[in-house]
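First up is the structure itself, then whatever we jot down about it.
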Amino acid sequence: MSTLLEVKDLKKYFPTPTGVLHAVDGVSFKIQQGETLGVVGESGCGKSTLGRLVLHLLDITGGQVFFEGNDVTNVNKKKLRELRAQMQIIFQDPFSSLNPRMTVSQAIAEPLQIEGKLSKLQIDERVRELMQTVGLADRLTNTYPHELDGGRRQRIGIARALALDPKFIVCDEPVSALDVSIQAQILNLMQDLQEKMGLTYIFITHDMSVVKYISHHICVMYLGQLIEKSPSKELFAKPYHPYTKALLSAIPLPDIHHEKKRIILKGELTSPIDPKPGCRFCQRCNYAKEICGSQEPELQEVESGHFVACHFVKEINGL
Ligand code: SF4
């Protein structure tokens, strides 16, 4: 398998009236073709900003994004347009991302019309094909988004993302706004599409049970930084960072005979505005020592492919 996307030391800072907000602060990872990288963290940790930076929908403050070896952050407009066709996004709330005055077929046809490569007849044919691919019945062709449930609206979002035949899709909380039963249908659809088309996903979510279901690898984000990254199975079997342990302890277990102790995080969330030196999890960490308040821990490989940013990862986990 080859690397499709590589992100190196990516940064995005926003000036605010009270200081500089470090939304994404030195993030690096690679994604192999045909795989899903789950990016998980609490609201405000920078994961959605990260998704938009990867697609170059936002200007970066620092770092690089390579897609098939091309530096997305440093190409001319023509090349960026070509690359953008290969890199798409699915949004959390399909209702607000769809034009309420466009019918299903018009919404799916729009990216094809903007691209301008197909005739009207070819576009009609492609729209029919895309509707079939995402499981939207022909009879819905002329309906409007407000006439459809959340699951069908998200299927339109997926069809739009697929229209230009991309290789890579950023999925930004694509099932968070849906009922649990519909969530499973959409996740199944996304996995089927991945298998059939060899798609590569970044799957952004705050929901650990969803990310477990869909990801091959997982990055855990905390206040703009990656604090743990690992193959999915290993992360769920052996979370090493105190923050990841707390996130996983909050997932309900299906087995009622097996009780799990939930780790409640105490202490204040450190401000992402002009963050102080040291570990950003320091104020909420039960294991914090003096060094944690002054020296930022770097991601270190503690097992093959499993990286953790914590000064005391070995002591905490008896490694
Ligand atoms: Fe906790 Fe220190 Fe590790 Fe940060 S570096 S997670 S504060 S023990």
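The table below gives the values:
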quantity	calculated
Conditions (1) in contact with a Phe, Trp or Tyr (Cβ under 8 Å, 6 or more places away or on another chain); (2) modelled with pLDDT of 95 or more; number of the one not met by Ser232	(1)
All positions within segment 10-22 that are in contact (Cβ under 8 Å) with a residue 24 or more places away in the chain and touching a Leu at 6+ places or on another chain (Cβ under 8 Å)	Leu10, Lys12, Tyr13, His22
Subset of segment 263-275 [within 12 Å of the ligand (Cβ to nearest atom) and aliphatic (A, V, I, L, M)]	Leu265
Residue that is modelled with the lowest pLDDT [pool: residues in segment 292-319 that are over 21 Å from His22 (Cβ atoms) and of a type in the set (A, V, I, L, M, F, W, C)]	Leu319
Yes/no for Thr49 being β-branched (Val, Ile, Thr), within 20 Å of the chain's Cα centre (by Cα) and at pLDDT below 95	no
Segment 281-315, residues that are closer than 17 Å to Pro239 by Cα, surrounded by fewer than 13 Cβ atoms within 10 Å (Cβ to Cβ) and within 8 Å of the ligand (Cβ to nearest atom)	Asn286
Qualifying residue in segment 88-107 (condition: out of contact with any strand residue (DSSP E or B) (no Cβ under 8 Å at 6 or more places or on another chain), at pLDDT 95 or above and small (Gly, Ala, Ser))	yes
Ile204 vs. criteria β-branched (Val, Ile, Thr), in contact (Cβ under 8 Å) with a residue 40 or more places away in the chain and under 25 Å from Glu303 (Cα atoms)	yes
Test for Lys229: is it more than 11 Å from the ligand (Cβ to nearest atom), of a type outside the set (Ser, Thr, Tyr), touching a Cys at 6+ places or on another chain (Cβ under 8 Å) and closer than 29 Å to Phe14 by Cβ	yes
Residue match in segment 147-168 (condition: within 18 Å of the chain's Cα centre (by Cα), part of a loop (DSSP other than H, G, I, E, B) and surrounded by fewer than 22 Cβ atoms within 10 Å (Cβ to Cβ))	yes
Failed item, numbered, when Ile218 is tested on (1) buried (at least 16 other Cβ atoms within 10 Å of the Cβ); (2) free of Cβ contacts under 8 Å to residues at least 60 places away in the same chain; (3) under 18 Å from the mean Cα position of the chain (by Cα)	(2)
Test for Gly278: is it within 16 Å of the ligand (Cβ to nearest atom) and touching a Ser or Thr at 6+ places or on another chain (Cβ under 6 Å)	yes
Candidate set from segment 4-27 (those that are of a type in the set (Val, Ile, Thr) and closer than 19 Å to Val54 by Cβ); member that is surrounded by the fewest Cβ atoms within 10 Å (Cβ to Cβ)	Val7
In segment 72-126, the residues that are without any contact (Cβ under 8 Å) to a residue 12 or more places away in the chain and of a type in the set (D, E, K, R)	Lys77, Lys78, Lys79, Arg81, Glu82, Lys117, Lys120, Glu125
Number of the exception - Leu299 against (1) more than 19 Å from Gly46 (Cα to Cα); (2) touching a residue at least 24 places away in the same chain (Cβ under 8 Å); (3) touching a Leu at 6+ places or on another chain (Cβ under 8 Å)	(1)
Only one of Glu296, Glu290, Glu268 that is within 30 Å of Ile31 (Cβ to Cβ) and acidic (Asp, Glu)	Glu296
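The values are calculated or read from the model by the stated rules, or taken from the named source; none is laboratory data. Remember, predicted model here, so these are calculated numbers, not experimental data. As a convention, Cβ positions derive from the backbone with ideal geometry for all residues, glycine included, and neighbour counts pool all protein chains shown.
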